Amino acid sequence: MMRCPPFDYRAPDSIEEVVAILDGEGPRARVIAGGTDLVPNMKRRHQNPAVLVALRKVRELRAFRNGHGVELGAALTLSDIADDDRLDPYRALRCAASSVATPHIRNAGTLGGNLCLDTRCNYYNQNFEWRKSIDFCMKEQGEVCWVAPGSPRCWAVSSTDTAPALIALDARVQLVSKADTREIPLAALYKDDGIDYLHRKPNELLARVVLGDAAGWSSTYWKCRRRGAIDFPVLSVAVAVKRDGSGTVTDARIVFGAVASHPVVSDAARLLVGDKLTADAIDACAIKASKLAKPLDNTDYTIGWRKKVARAYVKGALEELADQTRS
C-alpha cells in the first residue's frame, strides 16, 4: 500500500489563521480540503509538503451568498454545487460539478480544490517506481517532456471541470493573503505552463468564487471521457450564450478544457453575436472553435479522434441551448 510521507497537520478555524500559516511556512505548506487530488499525489510522491493546512473548520469558506449574482466559498463541496437549485441560472457550473469523478469523491472534493487541480499527463500520473524507471520528466525536475521530447516546456494538461464552466460564466476569484485580498477574473488565474500553472502565490488562499447576474444567459457543459464516471476529461466544452427577447445572441463565450495546460477561451463565440442559434451559425462556430484544439499524447484516446470531438462537442452544446429556446 502506498503511504503519504510524514507531514505536520494544522487545523485553523479562520481564514486569517490559514493565511498566517501560509505566510510563515511559504512553499513548505499546502492547504487541504477534500484531499481527493492532493492525497493520492502525495502517495505517489508528486507532492511532498511538510505542512498540511486543513480547511474543514473554516466555516466562512463554505458560505453561499445569493444576491445580485452569487458568492461561493471555495470549500463548498462539488456535491453542494451540483445539488443546489439556487445555481440553476448557472447551469454549466452544475453540469461540470456533477460530472466530476463519483458521488463519493464529489462529497469530499471542493470547488477550490477542483479549480486548483494539478495538471495531468500520461507520463507523470504514474507511481514513483514507474516514473523513475523511464527517468523523471521536467515536471519533476527532469530534463525532458516525454510528451514532446524536443520541447523546452511541459505539456501536462489542465483537467479541471469547473474552471471552463466558470470562465464561460465570467466568474472572478478572490485570493487572500496576510497582506491583502485581490479579486481577479478566473481566466487570469491560469498560465499555459504544465508546471507553474497558477497565478497564485504560495502564501495566497483561493477563498471565494464570485458570479455576476445571469439574467438573459443560458449555459451548459459537455465532457468527453472513456467512462461515464471517475475519469478526468480528455476534452470538455463550456458554452454560455446571452439572448434578447427575439432570440438573437447578444454575447457568447466558449471555453475548452483538457486541450492545453490551461482552459482555452475561443474567439469563435463572436460569430454567434447578432444572429440566432441557427444550424448554419452553429456549424460555422463549431468549425472555427475546434481549430483551437491541438491534442498531444498526454491523455487518453488517439490524437486525431480527440481533435474531431472538439467540433462535435461545440456543436452539440450549442444545439442543446438552441433546443432550450425552441422548447
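The values are calculated or read from the model by the stated rules, or taken from the named source; none is laboratory data. Computed from a prediction, not measured in an experiment: that's the story for all the values here. Glycine gets a Cβ as well: all are built from the backbone with ideal geometry, and neighbour counts include every protein chain shown.
Do the conditions hold for R30, that is, is it surrounded by 14 or more Cβ atoms within 10 Å (Cβ to Cβ) and either under 16 Å from the mean Cα position of the chain (by Cα) or assigned to a helix (DSSP H, G or I) (or both)? Criteria not met by R30. Inside the stretch 187-244, residues that are in a loop (DSSP other than H, G, I, E, B), of a type outside the set (A, V, I, L, M), surrounded by 21 or more Cβ atoms within 10 Å (Cβ to Cβ) and in contact with an Asp or Glu (Cβ under 7 Å, 6 or more places away or on another chain) make up a count of 1. Residues that are among the β-branched types (V, I, T) and either part of a helix (DSSP H, G or I) or crowded, with 21+ Cβ neighbours inside 10 Å (or both) within the stretch 86-102 comprise just one, V100. Look at the stretch 137-157: where a residue is of a type outside the set (K, R) and a partner is assigned to a strand (DSSP E or B), sitting 6+ places away or on another chain with Cβ atoms under 8 Å, you get A156/R120; V157/R120.
Does any residue of the stretch 169-191 turn out to be under 21 Å from L38 (Cβ atoms), of a type in the set (D, E, K, R) and in contact with a helix residue (DSSP H, G or I) (Cβ under 8 Å, 6 or more places away or on another chain)? No, there is no match, as no residue in the stretch 169-191 is under 21 Å from L38 (Cβ atoms), of a type in the set (D, E, K, R) and in contact with a helix residue (DSSP H, G or I) (Cβ under 8 Å, 6 or more places away or on another chain).
Remark: pairs (first residue in the stretch 46-65, assigned to a strand (DSSP E or B); second residue aromatic (F, W, Y); Cβ separation under 7 Å; 6+ apart in sequence or on different chains) = V51/F7; L52/F7; L52/Y9; A54/Y9.
Here S219, S246 are screened, and the one residue that is out of contact with any Pro (no Cβ under 8 Å at 6 or more places or on another chain), closer than 27 Å to H104 by Cα, of a type in the set (S, T, Y) and at pLDDT 95 or above is S219. All of (1) over 21 Å from the mean Cα position of the chain (by Cα); (2) modelled with pLDDT of 95 or more hold for Y124 with one exception: (1).
Candidates are the residues of the stretch 259-314 that are of a type in the set (S, T, Y) and touching a residue at least 60 places away in the same chain (Cβ under 8 Å); the one that is farthest from R225 (Cα to Cα) is S261. Annotation: I167 fulfils all but one of (1) over 22 Å from V259 (Cβ atoms); (2) of a type in the set (V, I, T); (3) within 14 Å of the chain's Cα centre (by Cα); the unmet one is (1). For the stretch 130-164, a residue qualifies if it is assigned to a loop (DSSP other than H, G, I, E, B), within 24 Å of the chain's Cα centre (by Cα) and of a type in the set (S, T, Y), and the qualifying residues are S158, S159, T160.
Picking from residues in the stretch 245-259 that are among the small types (G, A, S) and assigned to a strand (DSSP E or B), the one that is nearest to D37 (Cα to Cα) is G257.
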